[in-house]
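Worksheet for the structure shown next.
The values are calculated or read from the model by the stated rules, or taken from the named source; none is laboratory data. All figures in this text were calculated on a predicted structure; none of them were measured in a lab. Counting neighbours? That spans all protein chains shown, and the Cβs are built from the backbone with ideal geometry, glycine included. Quick note on the areas: whole protein, heavy atoms, side chains included, nothing else; ligands and nucleic acids left out. Shrake-Rupley method; radii C 1.70, N 1.55, O 1.52, S 1.80 Å.
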Amino acid sequence: MRILKSQSILRLANSYLIDSPQPANISYLWNFGSLLGLCLVIQILTGVFLAMHYTPHIDLAFNSVEHIMRDVNAGYILRYTHANVASFFFIFVYLHIARGLFYSSYKTPRTLVWTIGVIIFIVMIATAFLGYVLPYGQMSLWGATVITNLLSAIPFFGQDLVELVWGGFSVNNATLNRFFSLHFLLPFLLAGLVVAHFIALHVHGSNNPIGISNNGDRIPMHPYFVFKDLITVFTFFLVLSIMVFYYPNVLGHSDNYIPANPMSTPSSIVPEWYLLPFYAILRSIPNKLLGVIAMFGSLLILLVLPITDLSVIRGSQFRPLMKLAHWFFIVNFFILMWIGACHPTTPYLEIGQVATIFYFSWFLIIVPSIGVIENTAFEVATEKKYQFSK
């Protein structure tokens, strides 16, 4: 439309959201980006309204959440929407990452897009952890105690760092205030990173299922992909409504409906379900420092894929070995998620250790090995074809 091209800001929005050329063959797997953007908007809006009624004080936090649920008009909808959209946020980001892994969206020229995406994922995890502490139930208190204590694994000044974060000698009122402040601010940092992710993506455009860049076979974002995105958006709203109104606590932990009690330790301290794989990796290594390094390494290792994937073919669509390896990785991820919810005893500890070894081996050994095998086979086939043509 003429009005969208007559003013500089509208012209910029038009180039990104309306006239942006997209590969004609991208599937519904590319819709998770728009769903993630929608989740971020919902989380910021519901979070702002929840913050109007929340009290970040260890004596009042739990009761203020109950006040939101019982006394504030539609407060239960706000709280349950915020809690469940957090789960959907991680469901969509895991699917988004899985799609990127399958179609090698991390390869040149989209390495910057992938790198910013990994940073977004890490900030998401930090934001989710901080938010999990705010209701100040049993799992909130003890989850905060366990995770912040990981800093004590740092040699020499680790314990001092823990006490600096706590603002005392245990999780207390200062800790809750700090966590609330950071939980409120980090989503806006996330929004800035998402804009950077979007700008980096706009430079070279989206990847596509066959992995071949073809600038001639592109169609504008609107109306084709906007309406395609709306299908998954309305489906998401339908599922979210069912969750909020009928099964609001199905993805939560029942212990968080018990007020925080520093004198009573829960039988099993676990994070939210979406952080269980990384928690399993942490517990699988007996040494505390190495466990912490492995947990953070399991996130940062996503950054090495542009280097370790040596295959000349982009994506797994036409790579049987890599396709099989991809599904093994997904199964292993679910095994880690299951192990993270189990007690660290035999045989769960041993299963977690094997799954952890496979997780890191996939990035550092399996992916480059398959790339070398495929490249060798490709060169041999090309050479035979050349000799045959002579």
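Would you please name the residue that is surrounded by the most Cβ atoms within 10 Å (Cβ to Cβ), looking only at residues in segment 234-259 that are of a type in the set (Gly, Ala, Ser) and at pLDDT below 95?
Selected residue: 252.
Pick from 195, 239: which is among the aliphatic types (A, V, I, L, M) and under 16 Å from residue 119 (Cα atoms)?
After ruling out the rest, the residue left standing is 195.
Here is a list of conditions, (1) surrounded by 15 or more Cβ atoms within 10 Å (Cβ to Cβ); (2) of a type outside the set (Lys, Arg); (3) in a helix (DSSP H, G or I), and residue 160 meets all of them except one; can you say which number that is?
All conditions are met except number (1).
Could you please give the count of residues in segment 16-48 that are free of Cβ contacts under 8 Å to residues at least 60 places away in the same chain and among the hydroxyl-bearing types (Ser, Thr, Tyr)?
So the count comes out to 1.
Being of a type in the set (A, V, I, L, M, F, W, C), touching a helix residue (DSSP H, G or I) at 6+ places or on another chain (Cβ under 6 Å), without any contact (Cβ under 8 Å) to a residue 40 or more places away in the chain and open to solvent by 30 Å² or more (accessible area, probe 1.4 Å) is the filter here, so list the residues in segment 49-60 that pass it.
49
Just to be sure before I move on: is residue 267 among the small types (Gly, Ala, Ser), within 28 Å of residue 342 (Cα to Cα), open to solvent by 70 Å² or more (accessible area, probe 1.4 Å) and not in a helix (DSSP H, G or I) in the structure I sent?
It is true that residue 267 is among the small types (Gly, Ala, Ser), within 28 Å of residue 342 (Cα to Cα), open to solvent by 70 Å² or more (accessible area, probe 1.4 Å) and not in a helix (DSSP H, G or I).
Residue by residue through segment 214-228, note down the ones that are in contact (Cβ under 8 Å) with a residue 24 or more places away in the chain and open to solvent by 60 Å² or more (accessible area, probe 1.4 Å).
214, 215, 217, 222, 224
Which of the residues spanning segment 61-115 are part of a loop (DSSP other than H, G, I, E, B) and buried (at least 21 other Cβ atoms within 10 Å of the Cβ)?
Residues satisfying the conditions are 103, 104, 105, 106, 110.
Listed residues 65, 41, 72; which is within 18 Å of residue 176 (Cα to Cα) and modelled with pLDDT of 95 or more?
Of 65, 41, 72, the one residue that is within 18 Å of residue 176 (Cα to Cα) and modelled with pLDDT of 95 or more is 65.
So residue 194 fits all but one of (1) open to solvent by 40 Å² or more (accessible area, probe 1.4 Å); (2) under 21 Å from the mean Cα position of the chain (by Cα); (3) modelled with pLDDT under 95; what number is the exception?
All conditions are met except number (3).
Got a number for residues in segment 10-29 being within 27 Å of residue 91 (Cβ to Cβ) and open to solvent by less than 30 Å² (accessible area, probe 1.4 Å)?
So the answer is 4.
Looking at 281, 231, which one is closer than 24 Å to residue 95 by Cβ, surrounded by 18 or more Cβ atoms within 10 Å (Cβ to Cβ) and of a type in the set (Val, Ile, Thr)? Before the answer, list the steps.
Numbers: 231 fails: surrounded by 18 or more Cβ atoms within 10 Å (Cβ to Cβ).
Going through 281, 231 in turn, just one is closer than 24 Å to residue 95 by Cβ, surrounded by 18 or more Cβ atoms within 10 Å (Cβ to Cβ) and of a type in the set (Val, Ile, Thr): 281.
How many of the residues making up segment 330-361 are over 23 Å from the mean Cα position of the chain (by Cα), more than 17 Å from residue 271 (Cβ to Cβ), buried (at least 16 other Cβ atoms within 10 Å of the Cβ) and free of Cβ contacts under 8 Å to residues at least 40 places away in the same chain?
1
For residue 208, all conditions in the list (1) crowded, with 16+ Cβ neighbours inside 10 Å; (2) over 22 Å from the mean Cα position of the chain (by Cα) hold save one; what is the number of the exception?
With respect to (1) crowded, with 16+ Cβ neighbours inside 10 Å; (2) over 22 Å from the mean Cα position of the chain (by Cα), residue 208 is out only on (2).
Tell me the helices (runs of 4 or more DSSP H) entirely within segment 290-366 that contain at least 1 residues that are within 15 Å of residue 275 (Cα to Cα) and at pLDDT 95 or above.
Because the criterion is at least 1 residues that are within 15 Å of residue 275 (Cα to Cα) and at pLDDT 95 or above, the helices (runs of 4 or more DSSP H) in segment 290-366 that meet it are 320-340, 348-361.
Inside segment 174-213, can you point out the residues that are out of contact with any Pro (no Cβ under 7 Å at 6 or more places or on another chain), part of a loop (DSSP other than H, G, I, E, B), polar (S, T, N, Q) and in contact (Cβ under 8 Å) with a residue 12 or more places away in the chain?
Residue satisfying the conditions is 207 alone.
Out of curiosity, is residue 109 farther than 22 Å from residue 231 by Cα and at pLDDT below 95?
yes
Can you tell me which condition residue 327 does not meet? The list is (1) of a type in the set (A, V, I, L, M, F, W, C); (2) crowded, with 16+ Cβ neighbours inside 10 Å; (3) without any contact (Cβ under 8 Å) to a residue 24 or more places away in the chain, and all the others hold.
(2)
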